Amino acid sequence: MTPEEIHKKIFVCPSDLSFGLEGIKAICRLADKLPKGITVLETGTAYGRSAFTWALAADAKVKTIDYQNIQDIVMAFAKKFGLEDKITAIQGDSGRMECNEDYDVVWLDGCHDYDSVMRDLNNYDKHAKLLICGHDYGHPDFPGVKQAVDEFYKNNNIQTDGIFWYVWK
């Protein structure tokens, strides 16, 4: 699917932040560099737009974690989009959950303060086999994202695409 087709398909899904067509295009550019059928761990679900984008752009199975009790809403949208076999939505605090699995991609978009981003980086960087990436890098409302990512990676190997950051493994 093209980014525009994905956007049209998932546009009915609300978004509480700035994840629209440009975000879909950025994920599609990353997905084009990855094999199809990957696994993705996402922190910060909101209503699932980025999870649905990964599922559609990369034919990915996505496990998404959010502290809010919104799994039923996310899974209702997943069913509406024909993605119920691709999405697993769980409630939890990603910064305090133990991860015992590896994923091809880890997408960080949970809480955007410095401490939360740093906890997610410490918890999940070692579980990303191909790529770790995230949203709101350099966004003026969320300086903690850039600060934590720059500190964690010591400014090495960080690439950006608009307000998206990524590090290839």
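So, N122, is that one over 15 Å from the mean Cα position of the chain (by Cα) and assigned to a helix (DSSP H, G or I) or not? Here the answer is yes, as N122 does meet what is asked.
Just so you know, in the range 76-85 the residues that are open to solvent by less than 100 Å² (accessible area, probe 1.4 Å) and assigned to a helix (DSSP H, G or I) include one that is farthest from M1 (Cα to Cα), and it is A76. Within the range 1-41, restricting attention to residues that are of a type in the set (K, R) and part of a loop (DSSP other than H, G, I, E, B), which residue is surrounded by the most Cβ atoms within 10 Å (Cβ to Cβ)? Restricting to residues being of a type in the set (K, R) and part of a loop (DSSP other than H, G, I, E, B), the top hit is K33.
Answer yes if at least one residue in the range 116-127 is of a type in the set (D, E), under 17 Å from L41 (Cα atoms) and out of contact with any Gly (no Cβ under 9 Å at 6 or more places or on another chain), and no otherwise. For the range 116-127, residues of a type in the set (D, E), under 17 Å from L41 (Cα atoms) and out of contact with any Gly (no Cβ under 9 Å at 6 or more places or on another chain): present.
A count restricted to the range 92-117 and to residues that are surrounded by fewer than 19 Cβ atoms within 10 Å (Cβ to Cβ) and closer than 28 Å to P35 by Cα stands at 6. Picking from residues in the range 125-164 that are aliphatic (A, V, I, L, M) and modelled with pLDDT of 95 or more, the one that is most open to solvent (accessible area, probe 1.4 Å) is L130.
Sub-6 Å Cβ pairs linking a first residue in the range 117-129 that is over 15 Å from I65 (Cβ atoms) to a second residue that is assigned to a strand (DSSP E or B), at least 6 apart or interchain, are D125/I132; K129/D104, ordered by first then second residue. Hey, could you check the range 47-70 for residues that are aliphatic (A, V, I, L, M) and more than 23 Å from D125 (Cβ to Cβ) and say which is surrounded by the fewest Cβ atoms within 10 Å (Cβ to Cβ)? Checking each candidate, the answer is I70. Of the listed requirements (1) open to solvent by 70 Å² or more (accessible area, probe 1.4 Å); (2) part of a strand (DSSP E or B); (3) among the hydrophobic types (A, V, I, L, M, F, W, C), I73 misses just one: (2). G44 meets all of the listed conditions (1) touching a Gly at 6+ places or on another chain (Cβ under 6 Å); (2) crowded, with 16+ Cβ neighbours inside 10 Å; (3) free of Cβ contacts under 8 Å to residues at least 40 places away in the same chain but one, namely (3).
The values are calculated or read from the model by the stated rules, or taken from the named source; none is laboratory data. Bear in mind the structure is a predicted one, so any value in this text is a computation, not a measurement. No Cβ is skipped: glycine too gets one built from the backbone with ideal geometry, and neighbour counts run over all protein chains shown. Areas reflect the complete protein model, heavy atoms only, side chains present, ligands, DNA and RNA absent. Shrake-Rupley method; radii C 1.70, N 1.55, O 1.52, S 1.80 Å.
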